[in-house]
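Read through the structure below, which is laid out as structure tokens, and then see the notes.
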Amino acid sequence: MVTRKSLVLGMAGLLAATGLSVLSGTAEAASTLGAAAAEKGRYFGAAVAANHLGEAAYVSTLDTEFNSVTPENEMKWDAVESTRNSFNFTAADQIVSHAQSKGMKIRGHTLVWHSQLPSWVSGLAAADLRTAMNNHITQVMTHYKGKIHSWDVVNEAFQDGSSGARRSSPFQDKLGNGFIEEAFRTARTADPAAKLCYNDYNTDGVNAKSTAVYNLVKDFKARGVPIDCVGFQSHFNSASPVPSDYQANLQRFADLGVDVQITELDIEGSGTAQATSYSNVVKACLAVSRCTGITVWGVTDKYSWRASGTPLLFDGNYAKKAAYTAVLTALGGSSSGGGGTAACSVSYSKQEEWSDRFNGKVTVTAGSSAISTWTTTVTVTSPQKISATWNGTPTWDSSGNVMTMKPNGNGTLAAGASTSFGFTVMTNGNTAAPTVGSCTAS
Ligand code: G2I
């Protein structure tokens, strides 16, 4: 069944893809971060860790709310090339294929960075280091060619504080200032369609460090060195709050002729104060036409690199925080069901298990309004096969791995009420948990 909402969202996505914006007043308010951002011609992403992709609540929150992902660690040098010229893309590929299966954009993070750098790299002499750097960029970008919308080509190359100087690193110390230019030129050749970004932190307001980056970008634009975007990590807390000149700083970079992206947003705190800061960041991005998207640095507080600071939009139980509502509202969306948007959520649990198969159960719960029907998906990993189902009406995609489940007969659920369906997975040697997609209701 095609609901009015899905038509509206589909249109917003199409218009966003063509760079047009949606006329206000024609659509009901979007009810997720990704959909609301898409209506503003932006993406809304999250940093994702491959080792959480087996957790149903993590995946369903990701799939429901976000339309872009950044691998949090899986594309870093130590993850993909821990031994020289021996590349391992397994974990990063998991994130990329999940994102692609959901139509999400993917940010590549990161190619040249002093941190999470294997010791074999830092031990090389200059000429060899140059070869290794260019080879790393070329191999990684070629593996993902055509799949990444923006790459953080060089990350955190400037010092904190008032010097505006370059940070000491194997690249800086052995190759000199020219390493950044060389990395960007190599990157352009490897995947000409990807946007090439410089990414850093403590560059969110106008200060000595951001001005040093500004001068680098200005010089690159003047000399025709390829650069398309600047990433502002935006890790904030009470010691480093959202600067009052945040928007002005984004705008001065945009005025150089590059896109700007908020790449690693998180704000420690809670309640109204945290919500207000998040809202201010979103408003600043929307006010800068070349601010093309926002990525928060994680899905849930419990897996944040700063978990004790509870800096994200969903708490440890995946409940939406005040900060979530503030972001959705700032994006022009509404979770109040404006226009009668019905909502439901899903959770997965494993049931009986045998040597060759296991049973799974998905519980569908209506949100704060009654719903008249629901649909969700269950994806198993080949060579697994679903051999039986109960309490639902399944349809299948061509691979046979993705089951779309709808109610048997009457799908009505009162506000907050639940129903469940079950299925048997033949493991064929793979005991991975299935992925349950988001729930849609009407
Ligand atoms: O530090 C926050 C971010 C600053 N900007 C660049 C980002 O790439 C960086 O992300 C963080 C990840 O969120 C952490 O998850 O980068 C850290 C490393 O610099 C990541 O932490 C590392 C731990 O240090 C390792 O011990 C651990 O094995 O995560 C690894 C994977 O869980």
Check your understanding: Given a 1.4 Å probe and the protein chains all in place, what does the accessible area of residue 321 round to, in Å² to the nearest 10?
Key -> 30 Å²
Exercise for review: Name the shape class, rounded, prolate or oblate, that the alpha-carbon gyration tensor gives for the range 31-91, where a ≥ b ≥ c are the square roots of its eigenvalues, rounded holds for a/c under 1.5, and otherwise prolate holds if a/b is larger than b/c and oblate otherwise.
Suggested key: oblate
Point to revise | Computed magnitude of the charge dipole of the chain (debye, nearest 20; Cβ of K, R +1, Cβ of D, E -1) | key: 680 debye
Practice item. Sort 98, 109 from largest to smallest accessible area, using a 1.4 Å probe on the heavy atoms of the protein chains. Key: 98, 109
Check your understanding: Which aspartates and glutamates does residue 209 reach when only Cα atoms under 17 Å apart count, and residues fewer than 8 places away in its own chain are ignored?
Key -> 156, 160, 200, 219, 245
Review point. By how many nm would the segment from residue 120 to residue 361 lengthen if fully extended, with 0.36 nm per residue of separation less the alpha-carbon distance?
Key: 82.0 nm
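Taking only DSSP H segments of four or more residues, each worth -39500 (n - 2.57), what value at 222 nm results for the chain once the sum is divided by all its residues, to the nearest 500 deg cm²/dmol? Could the numbers behind the result be given before it?
Numbers: 13 runs with 138 residues, N = 442.
That comes out to -9500 deg cm²/dmol.
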Exercise for review: Using label points projected 7 Å from each Cα along Cα→Cβ, tell me how many nm separate residue 354 and residue 240, to one decimal.
Suggested key: 5.5 nm
Review point. Let a ≥ b ≥ c be the square roots of the eigenvalues of the Cα gyration tensor of the range 288-380; is it rounded (a/c under 1.5), or, if not, prolate (a/b larger than b/c) or oblate?
Key: oblate
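Can you tell me the relative contact order of the chain? Whole percent, Cα pairs under 8 Å, sequence separation 6 or more. Don't jump to the answer; show the numbers that get you there.
Working: 948 pairs, mean separation 63.4, N = 442.
So the answer I get is 14 percent.
Of all accessible surface on the chain at a 1.4 Å probe, what whole percent is carbon and sulfur? The partial results should precede the final answer.
On the way: 8940 of 17590 Å².
Here it works out to 51 percent.
Might you tell me the accessible area per residue for the range 339-392, computed with a 1.4 Å probe and given in Å²?
Details: 2580 Å² over 54 residues.
Per-residue accessible area for the range 339-392 comes out at 48 Å².
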Point to revise | Charged-residue dipole, Cβ positions (Lys, Arg, Asp, Glu), the range 50-197 about Cα centre, Debye nearest 20 | key: 460 debye
Exercise for review: Quote the charge dipole size of the range 307-431 about the Cα centre in Debye, to the nearest 20; the model charges only the Cβ of Lys and Arg (+1) and of Asp and Glu (-1).
Suggested key: 140 debye
Exercise for review: With a 10 Å radius around each residue's Cβ, average the other Cβ atoms per peptide and rank 292-299, 307-314, highest first.
Suggested key: 292-299, 307-314
Point to revise | Simple spin-label estimate for residue 145 and residue 410 in nanometres, 7 Å along Cα-Cβ | key: 5.8 nm
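In what order, largest first, do 396, 77 sit by accessible area if the probe radius is 1.4 Å?
Descending order: 396, 77.
Can you give the accessible area per residue of the range 176-306, in Å², using a 1.4 Å probe?
Values: 4550 Å² over 131 residues.
Here the residues of the range 176-306 average 35 Å² of exposed surface.
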Study note, to complete from the structure: With all protein chains present and a 1.4 Å probe, the order of 114, 52 from largest accessible area down is 114, 52
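Under the classification rounded if a/c is under 1.5, otherwise prolate if a/b is larger than b/c and oblate if not, where does the range 376-426 fall, given a ≥ b ≥ c as square roots of the Cα gyration tensor eigenvalues?
Numbers: a/c = 2.47, a/b = 2.24, b/c = 1.10.
Prolate shape, in that a/c is at least 1.5 and a/b is the bigger ratio.
Scale the Cα Rg of the range 116-232 by the rule-of-thumb value 2.2 N^0.38 Å and send over the ratio, two decimals.
On the way: Rg = 14.1 Å, N = 117, 2.2 N^0.38 = 13.4 Å.
Output field value: 1.05.
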Practice item. Set the Förster radius R0 to 45 Å, insert the Cβ-Cβ distance between residue 168 and residue 276 as r into 1/(1 + (r/R0)^6), and round the FRET efficiency to 0.05. Key: 0.75
Practice item. Output the antiparallel fraction of DSSP beta bridges having both residues in the chain, as a percent to the nearest 5. Key: 55 percent
Review point. Are any of the pairs 321/406; 302/350; 76/147 more than 25 Å apart by Cα-Cα distance, and if so, which?
Key: 321/406
Exercise for review: Can you send over the solvent-accessible area of residue 395, 1.4 Å probe, protein chains only, in Å² to the nearest 10?
Suggested key: 80 Å²
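The values are calculated or read from the model by the stated rules, or taken from the named source; none is laboratory data. Keep in mind that this is a model prediction, so the values were computed, not measured. Ideal geometry is used to build each Cβ from the backbone, glycine not excepted, and the neighbour counts take in all protein chains shown. Side chains are part of the model used for accessible areas, which takes the heavy atoms of the whole protein and leaves out ligands, DNA and RNA. Shrake-Rupley method; radii C 1.70, N 1.55, O 1.52, S 1.80 Å.
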